[in-house]
Amino acid sequence: NKNLENATIVSAENFGYSVNCPPVAIRPGTEEYKVFAPGKPDPLTGASPPVIYQVSITDTARECVKTNGGVIVKLGIKGRVASGPAGKAQTVNVPVRVVVMEGRDKVLKSELHRIAVPLQAPELAADFTKIDESIMVPVSEGNTDFHIYVGLDDKATPGKRRG
């Protein structure tokens, strides 16, 4: 049969094989933060200084591919940076941390991604996305041993406050 001459042989092991992806979650308390203008809270009202910008993670997605060595996870992270009353046109470096855990307490990988997000007039707001294709976990039944956590790692950001 002429049509089969250049056909690729697909092993039954990989054909139609659905790979269980480890679950992805945004670590509670790391889904957003605000950066405030310098200054102290208003002594009368207790109000904070004005917000320069706010960063939030809005969504995650993942897909998995089985390879000889395990499961490669392609992780997608979406978020938004929006200026507050003290905002201006600038580039915000958004610190997104990705942590891969085995079980409850074994960190397999912890990586900080800095995503440059330009804020331009007139909106002074922008969405960002990050695709991380560097995560690999062993194949395990249901892949319930592994969890991927995503969050904003704002420890390196001056003037920030959660909430």
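The values are calculated or read from the model by the stated rules, or taken from the named source; none is laboratory data. In this text the structure is predicted, and so the values were computed from the model without any measurement. Here the Cβ is made from the backbone with ideal geometry for all residues, glycine too, and neighbour counts use every protein chain on show. Heavy atoms of the whole protein, side chains included, go into the accessibility calculation; ligands, DNA and RNA do not. Shrake-Rupley method; radii C 1.70, N 1.55, O 1.52, S 1.80 Å.
Tabulated data
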read-out	value
Candidate set: region 21-57, residues that are of a type outside the set (A, V, I, L, M, F, W, C), part of a strand (DSSP E or B) and touching an Asp or Glu at 6+ places or on another chain (Cβ under 9 Å); chosen: the one most open to solvent (accessible area, probe 1.4 Å)	Gln54
Selected residue [in contact (Cβ under 8 Å) with a residue 24 or more places away in the chain and surrounded by fewer than 17 Cβ atoms within 10 Å (Cβ to Cβ)] from Glu111, Glu123, Glu102	Glu102
Members of region 58-68 that are open to solvent by 30 Å² or more (accessible area, probe 1.4 Å) and either under 13 Å from the mean Cα position of the chain (by Cα) or not β-branched (Val, Ile, Thr) (or both)	Thr58, Asp59, Thr60, Ala61, Arg62, Glu63, Lys66, Asn68
Some residue of region 85-108 being in contact with a Lys or Arg (Cβ under 7 Å, 6 or more places away or on another chain), at pLDDT below 95 and in a loop (DSSP other than H, G, I, E, B)	no
Single residue of region 69-87 satisfying the filter (under 16 Å from the mean Cα position of the chain (by Cα) and open to solvent by less than 20 Å² (accessible area, probe 1.4 Å)) that is nearest to Pro118 (Cα to Cα)	Val81
